[in-house]
1. How much space per residue, in cubic angstrom, does the convex hull of the C-alpha atoms of region 1-48 take up?
2. Once you place label points 7 Å from the Cα toward the Cβ at residue 21 and residue 66, how far apart are they in nm?
3. Can you give me the % of accessible surface on region 1-51 that is carbon or sulfur? Probe 1.4 Å, all protein chains present, nothing else counted.
4. Could you give the length gained on full extension between residue 33 and residue 2, defined as 0.36 nm per residue of separation minus the Cα-Cα distance, in nm?
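The values are calculated or read from the model by the stated rules, or taken from the named source; none is laboratory data. Only a predicted model underlies this, so the values are computations on that prediction, with no experimental measurement involved. Quick reminder, even Gly has a Cβ in these numbers, built from the backbone with ideal geometry, and neighbours come from all protein chains shown. Please note that ligands, DNA and RNA were not included when accessible areas were found on the heavy atoms of the full protein model with its side chains. Shrake-Rupley method; radii C 1.70, N 1.55, O 1.52, S 1.80 Å.
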Amino acid sequence: MRYTTFGSMGYRVSSLGFGAMNLPGVPLEQARAALNYALDEGINYIDTAAAYRNSEEIIGECISHRRSEYFLATKTGKREYKSARRNGAQPGPDENGRH
């Protein structure tokens with residue numbers, strides 16, 4: 001697996017990510033197998049969004065026990081920080097990696 005440095009924090013992120021848009025359309029055991037396979041193969045970037053129905057819950061159900069192994073990216077639907085925060089988006093880490 002190839003990795004790249006993501007942002008100024010120096011996080012090492014796989015060049016290939018796992019898109020979670022279609023997780024709600026497959027049986028839970030198939031989603032669990034796909035997510036674990038991705039992590040086993042070195043993918044550590046998982047992309048999701050609230051618009052992907054319950055994909056976030058499926059990810060949590062299937063691989064929360066491996067949480068230290070991946071970055072979870074989500075989209076808020078808002079492009080501006082203040083309006084995203086008003087709509088419930090949580091802040092990311094500060095320049096020291098702390099939330």
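1. 67
2. 2.3
3. Numbers: 1700 of 3140 Å².
It is 54 percent, rounded to a whole number.
4. Numbers: separation 31, 0.36 × 31 = 11.16 nm, distance 2.19 nm.
Net length gain for the segment: 9.0 nm.
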